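A short write-up of the structure that comes next.
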Amino acid sequence: MDLKKIRRDFPTINREVGGKPIVYMDSACMSLKPRQVTDAIVDYYTRLGACGGRSVHKLATEVSIKFEEGRERHRRFVNANDHREIIFTRNTTESVNLVSQCLDLKKGDIVVTTDREHNSNLVPWLRLRDTKGIVHAPFPSKEDNTFDLEKFSEFMSRKVKLVSMVHTGNLDGYTIPAAEIIKIAHDHGSLVMLDGAQSAPHQHVDVKKLEVDFFAYSIHKMLGPTGMGVLYGKYQLLEALSPFIVGGDTVESTHYDSYKMLKPPAKFEAGLQDYAGVIGSAVAAEYLMNVGQENIHAHEVRLSEIITKGLNEIEGCKIIGPPAPELRGGINSFNIEGLDPHDIAMILDEVANIMIRSGMHCVHSWFNARKMKGSARASLYLYNTEEECKLFVDTLKDVAKSFA
């Protein structure tokens with residue numbers, strides 16, 4: 001992995017603010033974009049600009065081709081069997097909502113999640129609890145937020161219709177043992193969906209090997225444009241689902257008193273699509289595949305080792321999640337006794353242009369259950385360096401010494 005070459009692709013980190021370089025450590029929220037992605041988006045708007053899938057002129061035809069090439073790129077990205085198993089959405093949130101609204105869940109059906117879900121994989125099930133009477137059953141993690149497979153096997157029953165879990169947690173970077181969970185769930189007759197918003201950008205996900213039924217991820221966290229997401233679903237499952245948004249581009253034909261739906265994925269992609277977003281997302285996926293997700297993960301673990309060592313040297317500092325950096329990937333969430341996490345983030349930004357996130361990270365339920373105000377979170381990606389991690393640690397030590 002040629003880090004110098006990679007960093008040249010990202011204009012944001014090659015500029016200074018107030019005479020100091022930008023140290024961006026908020027990639028779990030939003031990744032930066034390489035030139036290749038923004039160039040592809042600009043190319044659509046300046047050279048093409050037409051509508052795909054409708055008109056038959058040259059510009060429209062090229063847009064249609066690029067749009068479907070994007071779908072094929074994402075099929076390869078997650079190793080799906082068929083390009084028709086790739087549905088374009090706005091983000092992971094919309095993908096999860098699509099499944100929650102389209103599955104025929106009934107009163108008494110159980111949906112199992114973890115106890116450390118992003119709101120995007122919690123609120124849809126709470127809403128169905130209130131509107132349809134389903135049962136939401138959060139499975140408790142161990143004290144260090146790792147997963148207990150033995151207890152999970154005992155937790156499952158034939159009443160569970162769906163296991164919907166965060167693959168890699170944005171809270172702490174821990175990745176659940178998905179293959180084993182899926183096997184246990186399938187043995188009990190349950191479908192499985194994974195929230196891959198934090199796993200797809202940082203590690204190779206093979207949906208075929210995992211045998212997962214649905215897999216959702218967001219493009220803005222994996223070097224691509226905002227407002228773009230992907231839902232993978234096994235084709236026979238997608239074919240059986242009824243869409244929850246219908247209209248233009250979802251139907252084969254209509255009459256005044258009838259309509260005929262198209263097959264997946266078209267029946268789930270209502271209205272005019274984000275052609276620039278799909279084209280940009282395809283370039284982002286290709287960029288990550290060329291670098292190699294296994295290389296990215298290994299790089300992030302090396303960087304987290306530096307940060308973990310530094311955090312452990314700060315008096316009153318507590319890391320959220322498992323203590324071993326190899327179990328947290330590029331996410332380092334922590335609190336320092338006597339310091340508000342928002343203050344930590346603002347001071348780091350002010351004194352050294354070190355940009356991290358603070359708060360509850362959309363995992364309010366986990367923090368509220370522990371009566372915690374949130375945490376500070378430094379999240380890394382392929383463009384971060386050892387020097388940046390050392391600067392982060394040294395600056396944080398000074399902050400703790402001065403303000404804690």
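The values are calculated or read from the model by the stated rules, or taken from the named source; none is laboratory data. All of these numbers come straight from a predicted model, not from anything done at the bench. Using ideal geometry, Cβ is built from the backbone for each residue, glycine included, and neighbour counts are taken over all protein chains shown.
Output the number of residues of region 359-373 satisfying the condition of being on the phi < 0 side of the Ramachandran plot and free of Cβ contacts under 8 Å to residues at least 24 places away in the same chain.
Residues flagged as on the phi < 0 side of the Ramachandran plot and free of Cβ contacts under 8 Å to residues at least 24 places away in the same chain within region 359-373 amount to 4.
Would you please name the residue that is surrounded by the most Cβ atoms within 10 Å (Cβ to Cβ), looking only at residues in region 210-239 that are β-branched (Val, Ile, Thr) and part of a loop (DSSP other than H, G, I, E, B)?
My answer is Val212.
In region 161-181, which residue that is out of contact with any Lys or Arg (no Cβ under 8 Å at 6 or more places or on another chain) and charged (D, E, K, R) is farthest from Asp213 (Cα to Cα)?
Per the stated criteria, the residue is Glu180.
Just a yes or no: is a residue in region 240-249 surrounded by fewer than 15 Cβ atoms within 10 Å (Cβ to Cβ), more than 12 Å from the chain's Cα centre (by Cα) and of a type in the set (D, E, K, R)?
no
Within region 1-33, track down each residue that is assigned to a helix (DSSP H, G or I) and either surrounded by fewer than 14 Cβ atoms within 10 Å (Cβ to Cβ) or of a type outside the set (Val, Ile, Thr) (or both).
Leu3, Lys4, Lys5, Arg7, Arg8, Pro11, Thr12, Asn14
Among what's in region 113-168 and is small (Gly, Ala, Ser) and in contact (Cβ under 8 Å) with a residue 60 or more places away in the chain, pick the residue that is farthest from Ile320 (Cα to Cα).
Across region 113-168, the extreme among qualifying residues is Ser164.
Condition check: farther than 19 Å from Tyr174 by Cβ, out of contact with any Cys (no Cβ under 7 Å at 6 or more places or on another chain) and small (Gly, Ala, Ser). Does Gly329 satisfy that?
It is false that Gly329 is farther than 19 Å from Tyr174 by Cβ, out of contact with any Cys (no Cβ under 7 Å at 6 or more places or on another chain) and small (Gly, Ala, Ser).
List the number of the failed condition for Ser55; all other conditions in (1) under 28 Å from Ala285 (Cβ atoms); (2) of a type outside the set (Lys, Arg); (3) modelled with pLDDT of 95 or more hold.
Just one mismatch for Ser55, condition (3).
Does region 280-299 contain any residue that is in contact (Cβ under 8 Å) with a residue 60 or more places away in the chain, under 30 Å from Ser402 (Cα atoms) and not assigned by TED's automatic domain parsing to the domain that holds Gly52?
Within region 280-299, none of the residues are in contact (Cβ under 8 Å) with a residue 60 or more places away in the chain, under 30 Å from Ser402 (Cα atoms) and not assigned by TED's automatic domain parsing to the domain that holds Gly52.
Would you mind telling me which numbered condition in (1) out of contact with any strand residue (DSSP E or B) (no Cβ under 9 Å at 6 or more places or on another chain); (2) farther than 24 Å from Asp249 by Cβ; (3) surrounded by 15 or more Cβ atoms within 10 Å (Cβ to Cβ); (4) assigned by TED's automatic domain parsing to the domain that holds Leu237 Val42 fails?
The single condition Val42 does not satisfy is (3).
Taking region 91-134 only, how many residues are over 14 Å from Met165 (Cβ atoms) and surrounded by fewer than 17 Cβ atoms within 10 Å (Cβ to Cβ)?
Qualifying residue count for the region: 13.
Among the listed residues His167, His74, which satisfies the condition of being modelled with pLDDT of 95 or more and over 27 Å from Val246 (Cα atoms)?
His167
Please find, within region 77-98, the residue that is farthest from Pro243 (Cα to Cα) out of those that are among the aliphatic types (A, V, I, L, M) and assigned to a strand (DSSP E or B).
Ile86
Find all pairs meeting these conditions: Cβ atoms under 6 angstrom apart; at least six residues apart or on different chains; first residue within region 382-404 and touching a residue at least 40 places away in the same chain (Cβ under 8 Å) and over 29 Å from Ala285 (Cβ atoms); second residue assigned to a helix (DSSP H, G or I) and among the small types (Gly, Ala, Ser).
Filtered contacts from region 382-404: Val393/Gly310; Thr395/Ala352.
If I ask for residues that are farther than 17 Å from Tyr381 by Cα and surrounded by fewer than 19 Cβ atoms within 10 Å (Cβ to Cβ), which ones from region 277-309 would you list?
Within region 277-309, Lys309 is the sole residue that qualifies.
Given the condition in contact (Cβ under 8 Å) with a residue 12 or more places away in the chain, over 30 Å from Ile41 (Cβ atoms) and among the basic types (Lys, Arg), answer yes or no: does some residue in region 230-238 qualify?
Yes, region 230-238 contains a residue that is in contact (Cβ under 8 Å) with a residue 12 or more places away in the chain, over 30 Å from Ile41 (Cβ atoms) and among the basic types (Lys, Arg).
If you go through region 79-112, how many residues are closer than 14 Å to Pro265 by Cβ and touching a residue at least 40 places away in the same chain (Cβ under 8 Å)?
So the count comes out to 14.
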